[in-house]
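The values are calculated or read from the model by the stated rules, or taken from the named source; none is laboratory data. Here the structure is a predicted model, which is why all the values come from computation and not from measurement. With ideal geometry, Cβ positions are generated from the backbone for all residues, glycine too; neighbour counts draw on all protein chains shown. The protein model used for the area step is the full one, side chains on, heavy atoms only, and it has no ligands, DNA or RNA in it. Shrake-Rupley method; radii C 1.70, N 1.55, O 1.52, S 1.80 Å.
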Amino acid sequence: PFLSAGKRDRSADEVEQYTIATIDRSSPEFHDFAVLPHARSLNSLAPSAADVILQLGADSLFYRHGEARLFACYKNGQLVGRVVASVDHHFPDPDVGHFGYFEVCQDKACAEMLMRACEEWLREKGKTRIEGPINLSIFAAYRLQTAGFATQAFPGEPRNPKYYPGLLDSLGYRKVALWNSWDISAWALLTLRAFDWLK
């Protein structure tokens, strides 16, 4: 589902051990940002590093009509989370900004600092609402998996660790849209096609 921001509690003691950095796409840190979910075993089904570099790199077509800011979260010097805040100037609702490429360790403090950085940047851009996850546009990965974690991954469907929805929920984000997908057998599909043909 898409998620939007709301009010949340923050504890200074909880977040002091983390630092947030803005990542320049031309820096060596950009590679670390791209490989994070695979290098840290956060999400083996996250977009590949090559795809992330292509989608967020300087030659991305998105920058013809949008802007993005990359944020990384470090704990004791180790990269443990990332997120991208983006603004699409062609998006129908001028009040909405997006977050995407969300990959974090299982720690509320990390997620909270990343999302706060997103919110602050989007606020500076005049946005009053944040929605996501959406990796710049729906032509890349978007949405968040909230159920069906025991099923096999399906191309085009979101895949993320079970704890992601709970983390965002704990920060005051809420579901605003829900999609359901079904995994059906080949025989069931054949039956449906036969029924459609007969109609």
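Please verify whether region 85-93 includes one or more residues that are surrounded by 18 or more Cβ atoms within 10 Å (Cβ to Cβ) and within 21 Å of S27 (Cβ to Cβ). Checking region 85-93: at least one residue is surrounded by 18 or more Cβ atoms within 10 Å (Cβ to Cβ) and within 21 Å of S27 (Cβ to Cβ). The set of residues in region 157-177 that are under 13 Å from R143 (Cβ atoms) and charged (D, E, K, R) comprises E157, R159, K175.
Residues of region 48-79 that are hydrophobic (A, V, I, L, M, F, W, C) and either in contact (Cβ under 8 Å) with a residue 60 or more places away in the chain or touching a His at 6+ places or on another chain (Cβ under 6 Å) (or both): L56, F62, A68.
One residue is enough: does region 83-106 have a residue meeting the conditions under 17 Å from P165 (Cα atoms), in contact with an Asp or Glu (Cβ under 9 Å, 6 or more places away or on another chain) and among the polar types (S, T, N, Q)? Scanning region 83-106 turns up no residue that is under 17 Å from P165 (Cα atoms), in contact with an Asp or Glu (Cβ under 9 Å, 6 or more places away or on another chain) and among the polar types (S, T, N, Q).
Considering region 158-179, the residues that are out of contact with any Gly (no Cβ under 9 Å at 6 or more places or on another chain) and open to solvent by 70 Å² or more (accessible area, probe 1.4 Å) include one that is farthest from L114 (Cα to Cα), namely W179. Of the residues contained in region 129-151, one or more are found to be touching a His at 6+ places or on another chain (Cβ under 8 Å) and of a type in the set (D, E). Condition test on E131, is it at pLDDT 95 or above and either farther than 25 Å from Q17 by Cβ or surrounded by fewer than 17 Cβ atoms within 10 Å (Cβ to Cβ) (or both)? So E131 fits the description; yes. Screening the candidates Q145, Q152 for the property of being surrounded by 15 or more Cβ atoms within 10 Å (Cβ to Cβ), on the phi < 0 side of the Ramachandran plot and without any contact (Cβ under 8 Å) to a residue 60 or more places away in the chain yields one hit, Q145. Among the criteria (1) open to solvent by 30 Å² or more (accessible area, probe 1.4 Å); (2) assigned to a helix (DSSP H, G or I), the one S44 does not fulfil is (2).
Which residue is nearest to Q145 (Cα to Cα), if the candidates are limited to region 80-100 and must be of a type in the set (V, I, T) and without any contact (Cβ under 8 Å) to a residue 40 or more places away in the chain?
The selected residue is V83.
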